[in-house]
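Asks: Quick one: this structure, given as C-alpha cells, is what I'll be asking you about.
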Amino acid sequence: MRIRIPLSAPDVSEADIDAVVSVLRTARLSIGPKMEEFERAVADYAGVRHGVAVSSGTAGLHLSLRALGIGEGDEVILPSFTFIAAAHVLLYERAIPVFADIDAVTLNLDPEKLEELITPRTRGIVVAHTFGYPADLRGILDIALRHGLPVLEDACEAIGAESHGRRAGGIGQVGVFAFYPNKPITTAEGGMVVTDDGELAETIRALRNQGRKDTDGWSDHRLLGYNYRLSELHCALGASQMLRLDEILRRRMDRALRYSRELQSIPEVMAPPLVASDGRVCCFAFVVRLTDEFTQADRDVIHEYLTEHGIGCGRYFAPIHRQPLYARFAERTRGGLPVTEHVSVRTLALPFFNAITDGQIAEVCETLREGIGRARRSGAHSTAADAGCSR
Ligand SMILES: *Cc1c(COP(=O)(O)O)cnc(C)c1O
C-alpha cells in the first residue's frame, strides 16, 4: 500500500526557495558568502566561535575524528543505540569502536557505564543526543577530563536542544549537526562542525577542501584532505532555514505534545520524554516504546500493520554491535548492553514532521491501537507471555 502519512517530511518555505534560486543567479556556486553566513548562524546558535559547513553529518564526524588525531588502533567509546555513521567514521580511520550502554529513560550514553570501558588505548568519547533529547554531559565531561579524553558530540538530531544552559553541539570539544531532509532543519544534504577551538576548526576547514590551509598556496598540501565542501545552494537553504529555527522547534514540540496526549489512552505504549531537567528537548523524531510484555516479533507485527495501512514508521535504532560489520567489535560488549538490547527491540518511530495535522496524529494512534491488537492475537505475543515476561 502507498504510504499516505510519511515518517518524515521537510519543511521548505517560499522564502527558502527564493534564497536558493537567488544563488543560481550569481557566479558563486561554491565557497562563497552563503557558506560564511550559514556557518556564522549555526556557530552563534550553538554558542561557540567556529562553524565549518560540510557535505554531510557523516563527513563532519569523520573530519572531527581526524582533527582530534584519532587513528589506527585507537579505542573510542560510543553508544551502540545510535545512527551507524558514528561507528563507520571510526572504521574509516581504523580506530576501534567500544560500545557503551544507555540510560533506560533518556536513551543517551549512561555515564555510569563509561568509566569501566576506559583503557590505556582509549582516545575519545562520542556522545549523541538521541532523538533530540539532550545528553547531560556534566558527568561525562568530568570523566573525560580526568582521563584527558576529548568528547565529540554527535548533535546531528539535536540542533536547539539544551542542557544546563548550554546548547547541544557546543558543549564538548567539537560538535556535529546534520541537515538531511528528516532532520529538524535541512539543506537536502549537509552538515556542520562547531567548536570553540580555533586550531581544530582550521584543520577541519582545510580537511574538507583537499587539505588546503588558507595560509598555504593553492598547491601546497601538508594534509590528506577530502572534498567534503557544501555548495552555496545548500548553504543558502540552511541560512534561510536557520531564520525559522525557533519557530520550527516550537511547532515540533507542539506536535509531539499532541501525540503524547493521544497516546495517554494506549497503555501499551510509552511516549518519549519531552521535558529535560534544566534543559530543552529538540523534537527530532517521535519514537515510542512498547511495554515490557511485548517482544521484538510483536513490534515487527505492529510495524507491518502500520505500513500496510499507509503509515510510515521505522524500527530504530537497530543496535550497531548487532550489525554484521561490527560483530568483531562486540566481544567486549557481549551481554554488557542490557538496556540497549531491551529497548531497541521495542522502539517504533511514528510519522513526525512540522505539517502533521491533528487528524493525522489521531489516525496514526488509532492504527497503532489496532496493530497492538493484532500483535496480541498473533503467536508472537503469546510466546512472550508463555516465557513469563510481565509488565
Ligand atoms: C543523521 C545522523 C547522522 C548522519 O548525518 P548525514 O548527514 O546523514 O551523514 C549522524 N548521526 C546521527 C545521530 C544522525 O541522526
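The values are calculated or read from the model by the stated rules, or taken from the named source; none is laboratory data. Note that the structure is predicted; figures quoted are calculated from it, not measured. Cβ coordinates were reconstructed from backbone atoms using ideal geometry, including for glycine residues, and neighbour counts include every protein chain displayed.
Asks: Is it true that some residue in region 90-111 is surrounded by fewer than 21 Cβ atoms within 10 Å (Cβ to Cβ), more than 13 Å from the ligand (Cβ to nearest atom) and on the phi > 0 side of the Ramachandran plot?
Replies: Looking for residues that are surrounded by fewer than 21 Cβ atoms within 10 Å (Cβ to Cβ), more than 13 Å from the ligand (Cβ to nearest atom) and on the phi > 0 side of the Ramachandran plot, one finds at least one in region 90-111, hence yes.
Asks: Hey, another quick one. Using the structure shown, decide if Ala206 is more than 16 Å from the ligand (Cβ to nearest atom), under 23 Å from the mean Cα position of the chain (by Cα) and not in a loop (DSSP other than H, G, I, E, B). Step through it out loud before you land on a result.
Replies: Details: more than 16 Å from the ligand (Cβ to nearest atom): yes; under 23 Å from the mean Cα position of the chain (by Cα): no; not in a loop (DSSP other than H, G, I, E, B): yes.
It is false that Ala206 is more than 16 Å from the ligand (Cβ to nearest atom), under 23 Å from the mean Cα position of the chain (by Cα) and not in a loop (DSSP other than H, G, I, E, B).
Asks: Quick check on region 321-336. Is at least one of its residues surrounded by 14 or more Cβ atoms within 10 Å (Cβ to Cβ), at pLDDT 95 or above and of a type in the set (Gly, Ala, Ser)?
Replies: So far as region 321-336 goes, no, none of its residues is surrounded by 14 or more Cβ atoms within 10 Å (Cβ to Cβ), at pLDDT 95 or above and of a type in the set (Gly, Ala, Ser).
Asks: Test of understanding: among Gly211, Gly225, Gly238, which residue is at positive phi and either within 16 Å of the ligand (Cβ to nearest atom) or in a loop (DSSP other than H, G, I, E, B) (or both)? Please lay out each step first, then the result.
Replies: On the way: Gly225 fails: at positive phi; Gly238 fails: at positive phi.
Within the list Gly211, Gly225, Gly238, the selection yields Gly211.
Asks: Moving on. Given the structure, is Arg289 assigned by TED's automatic domain parsing to the domain that holds Ile31 and either of a type in the set (Asp, Glu) or not in a helix (DSSP H, G or I) (or both)? Walk me through how you get there before you give the answer.
Replies: Working: assigned by TED's automatic domain parsing to the domain that holds Ile31: no; either of a type in the set (Asp, Glu) or not in a helix (DSSP H, G or I) (or both): yes.
Judged against the criteria, Arg289 is not a match.
Asks: Considering only region 167-174, I want to know if a residue exists there that is more than 29 Å from Tyr133 (Cα to Cα) and away from the ligand (no atom under 16 Å from the Cβ).
Replies: First pass over region 167-174, keeping only residues more than 29 Å from Tyr133 (Cα to Cα): none.
Among the residues of region 167-174, not one is more than 29 Å from Tyr133 (Cα to Cα) and away from the ligand (no atom under 16 Å from the Cβ), which makes the answer no.
Asks: Now for a separate question. Pairs, please: C-beta under 8 Å, at least 6 apart or cross-chain, first residue buried (at least 20 other Cβ atoms within 10 Å of the Cβ) and in region 357-378, second at pLDDT below 95?
Replies: Ala375/His381
Asks: Now for a different question. Only residues that are touching a Gly at 6+ places or on another chain (Cβ under 8 Å), among the β-branched types (Val, Ile, Thr) and more than 17 Å from Glu39 (Cα to Cα): list them for region 133-188, please.
Replies: Selection gives Val151 alone.
Asks: For the structure I just gave you, tell me whether Phe317 is in a loop (DSSP other than H, G, I, E, B), under 25 Å from Ala100 (Cα atoms) and modelled with pLDDT of 95 or more.
Replies: Values: in a loop (DSSP other than H, G, I, E, B): yes; under 25 Å from Ala100 (Cα atoms): yes; modelled with pLDDT of 95 or more: no.
When the stated conditions are applied, Phe317 does not pass them.
Asks: Still on this model: Residues of region 130-151 being in contact (Cβ under 8 Å) with a residue 24 or more places away in the chain and either in a loop (DSSP other than H, G, I, E, B) or within 11 Å of the ligand (Cβ to nearest atom) (or both), which ones?
Replies: Passing the criteria: Thr130, Phe131, Gly132, Tyr133, Pro134, Ala135, Asp136, Leu137, Leu149, Pro150.
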